[in-house]
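None of the figures in this text is laboratory data; all of them are computed from the coordinates on show. Keep in mind the model is a prediction, meaning the values are calculated, not measured. Here the Cβ positions follow ideal geometry from the backbone for every residue, glycine too, while neighbour counts run over all protein chains shown.
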Amino acid sequence: MVVSVQRYQPDDFNKIMFEGFEYELEASVIDTIQGLSDKVGAPEYVRTPQFPKNERRYESSSITKGPKYRSKSAGQSDDDWKTFRQFQVTQIVKKEGIDGAIDSIRKHLNKISEKNYEKLRGHIFDELREIVGDDENINETVLEECKKVGGAIFSIASGNMFYSEIYAKLYKELMQNFSLMETIFQSNLKQFGEIFTKIEYCNAEEDYDKFCENNKENEKRRAIGVFYVNLMKIGVVTRKDMISIIGDLQDYLSVKINEEGNKHVVDELSEVVAIMLLKAIPVFKEDDSISDLNELIERVNVVTKMKVIDYPSITSKSIFRHMDITDAIDS
């Protein structure tokens, strides 16, 4: 019997760690996941079921050989059991007005795919027209409500990296049909750099809940970056503006590299820069007129040549991540 042994080199592990790997799910698995997504994506779905605590008290006995655990319900009367067994039907409170519209739109966004895009896009447009109207000649109160809806749509659309391309396509059409969405987009684009000034790090052993929350915030920042790149691919964001955005991130990264105690911040910034550049480079290569691109690439090369011992907050992880970018540029 011949046994085949697969050997891995350190570079193989680094590549998997920083670049990930591709794995295609079978169609049946994808259908199952989509089915579950359709169910839990509904706004009336209760995501936090309540599980009553089964209280038991400890009793020591000298007669028996071991301790006894007695359930609190063990000594209950028939009336107590009757009350306990009464099933309480959960009353679903249907939201109305702006909150109801946001819930409906969220439901459509959670279900949207290439197959049902036209249908659900129509539903989302209908929800917005109910609030805004076709001429968008609205008073101040309605305007504030519209901003709330528009902000919710942007948050959902820009917060999911997996469906980022289809959300970018939808958002472009929303901006073309509702000027309010264009206003919200421009406001968020201007504030994009500010979200990176709030990068934090938390040790899972010290505060696990905060650690999980921090990871969510990191994923949200990355997803927004990818969302803007996908908008660039379809002409919403100009290539020049995208280079400027990434350049600003690199400026901030350079500052943090030279400061003490910022290794985790540098790693996160490097990850965002890498994610955005790796997705944007194929588009940049199509336009030879972008003069600022060379400066951006040079900054990447500078980081790849750094030594950990020479800078307070540079890490091997960040250096390797920038090497991934140079590999993509050269390929």
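Amide H to amide H, with H built 1.01 Å from N, M161 comes under 5 Å of no residue 5 or more places away or on another chain.
For E259, the residues 5 or more places off, or on other chains, whose built amide H falls under 5 Å of its own are S313.
With N set to the residue count of the range 97-190, report its C-alpha Rg divided by 2.2 N^0.38 Å to two decimal places.
In units of the globular-protein estimate, the range 97-190 measures up at 1.01.
Estimated translational diffusion coefficient (Stokes-Einstein, Kirkwood radius over Cα pairs, 25 °C, 0.890 mPa s) of the range 193-330: 158 µm² per second.
Within a Cβ distance under 12 Å of N230, other residues only, what is the Lys/Arg minus Asp/Glu net charge? Surrounding charge for N230 is +3.
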